[in-house]
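This report refers to the structure that appears directly beneath it.
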Amino acid sequence: MPNETPTSAFSSCPAPLPHRTEITIGHGGGGRLTQDLIDRVFRAAFANAALEAQHDGALLRTPDGARLAFTTDAHVVSPLFFPGGDIGKIAVNGTVNDLCMCGARPLWLSAGFIIEEGFTIAILERVVASMQAAASAAGVSIVTGDTKVVERGKGDGLYVTTAGVGVIETALTVAPASIRPGDAVILSGDIGRHGMAIMATRAGLAFESAIESDCAPLVAPVQALLQAGLELHCLRDLTRGGLATALVELAESAKVAIAIDGAKVPVSELVGGACEILGLDPLYVANEGRFVCVLPEAEAAVALDIIARTAPGGPPVIIGAVKAGPAGQVTQRSIIGAERLVDRLSGEQLPRIC
């Protein structure tokens, strides 16, 4: 399986020069261009303490002292249906999982639909039914929403936006700022299934068995970790940009270094083979049901046992550790013992995946 950044012509969308005056597809990939856009436009305009935490959601406190997590996400998946999921299932689980990564118990979601004129009502009903099934499985309710219809040819079928609110019942601050040198980094399961499920569908790749998306709620493992009283420092689900981008984001936000062992990162044979065919690095391929858990090394064994019993896609594995510095640096040791820097991609490996 590939462990080096690919150089294939198929590995990413063309990367525009930074500080362009218009948006390109690469700005949506979760890599360097996305971060540049966030820093230059959104963080500059909306600067506040909750936003500066650079977490999967905002950690908020009500006037009476209750702690809440709040998050929002937009979903532009193509195709709308793929092995293991669909745009509705991702819309619910993506928002639910972002709340979980804040150490919250998800409670309520909103849903906004942008529908293109001519879209089939039967397909919309199928998507909505999938959303309700996912919400029930995650223990949340979709309590409000909005619908807009755009002219034919201007909406690409269907876009779904969800927002969510959860209650934080722990005294811990589960966030990048809590990460400390010496922490262990645990990966909950094998990576790359979601992105490759979509890419295989688009490319018409036929395997002995289909690659299915890992799309799933992460409520059970996170609540189990919290109920066990473990000192969770940070959680991060591995969506757009994959494992590599998530680790870089955490290292930069926490001002620490992270070192991982590439040989310990689980990649299924099917996903690894598909990545080789397409010239992709599985470290950067999106997931929708995997997360990393960062906590003191002394508690790692207990966390591994809990995640193995409760999380989809196991077994979990300790893939690395947090170091004191250099701040923001992520390194990977390869199978042959060589060490390389892990960075954000400039462009985007797989557009329209979540």
Within the stretch 286-301, residues being crowded, with 23+ Cβ neighbours inside 10 Å and at pLDDT 95 or above number 9
Flagged pairs (Cβ under 6 angstrom, 6 or more apart or on separate chains; first in the stretch 287-309, free of Cβ contacts under 8 Å to residues at least 24 places away in the same chain; second in a loop (DSSP other than H, G, I, E, B) and surrounded by 21 or more Cβ atoms within 10 Å (Cβ to Cβ)) are Ala308/Pro316
Here the residues within the stretch 28-72 that are modelled with pLDDT of 90 or more and either in a strand (DSSP E or B) or basic (Lys, Arg) (or both) are Ala58, Leu59, Leu60, Arg61, Arg67, Leu68, Ala69, Phe70, Thr71, Thr72
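Table: residues versus (1) assigned to a helix (DSSP H, G or I); (2) over 14 Å from the mean Cα position of the chain (by Cα); (3) farther than 19 Å from Ala69 by Cα; (4) among the polar types (S, T, N, Q).
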| site | (1), (2), (3), (4) |
| --- | --- |
| His194 | yes, no, yes, no |
| Ile198 | yes, yes, yes, no |
| Leu205 | no, yes, yes, no |
| Ala210 | no, yes, yes, no |
| Ser213 | no, no, yes, yes |
| Ala216 | no, no, yes, no |
| Pro221 | yes, yes, no, no |
| Gly229 | no, yes, yes, no |
| Leu232 | no, yes, no, no |
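For the stretch 131-154, name all the residues that are in contact with a helix residue (DSSP H, G or I) (Cβ under 7 Å, 6 or more places away or on another chain) and either part of a helix (DSSP H, G or I) or of a type in the set (A, V, I, L, M) (or both).
Met131, Ala134, Ala135, Ala138, Val140, Ile142
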Within the stretch 155-186, the residues that are assigned to a strand (DSSP E or B) and under 27 Å from Ile87 (Cα atoms) are Leu158, Tyr159, Val160, Thr161, Thr162, Ala163, Gly164, Val165, Gly166, Val167
Given the conditions (1) surrounded by 14 or more Cβ atoms within 10 Å (Cβ to Cβ); (2) at pLDDT 95 or above; (3) farther than 20 Å from Leu107 by Cβ, every one holds for Gly155 apart from (2)
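Using the structure shown, decide if Gly241 is under 20 Å from Asp56 (Cα atoms), buried (at least 16 other Cβ atoms within 10 Å of the Cβ) and in contact (Cβ under 8 Å) with a residue 60 or more places away in the chain.
Values: under 20 Å from Asp56 (Cα atoms): yes; buried (at least 16 other Cβ atoms within 10 Å of the Cβ): yes; in contact (Cβ under 8 Å) with a residue 60 or more places away in the chain: yes.
For Gly241, the condition - under 20 Å from Asp56 (Cα atoms), buried (at least 16 other Cβ atoms within 10 Å of the Cβ) and in contact (Cβ under 8 Å) with a residue 60 or more places away in the chain - is met.
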Just a yes or no: is a residue in the stretch 93-112 β-branched (Val, Ile, Thr) and modelled with pLDDT of 95 or more? yes
Within the stretch 9-27, restricting to residues that are surrounded by 14 or more Cβ atoms within 10 Å (Cβ to Cβ) and either among the β-branched types (Val, Ile, Thr) or over 23 Å from the mean Cα position of the chain (by Cα) (or both), the one that is modelled with the lowest pLDDT is Pro16
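The values are calculated or read from the model by the stated rules, or taken from the named source; none is laboratory data. Keep in mind that what you see is a predicted model, and the values were worked out from it rather than measured. Ideal geometry is used to build each Cβ from the backbone, glycine not excepted, and the neighbour counts take in all protein chains shown.
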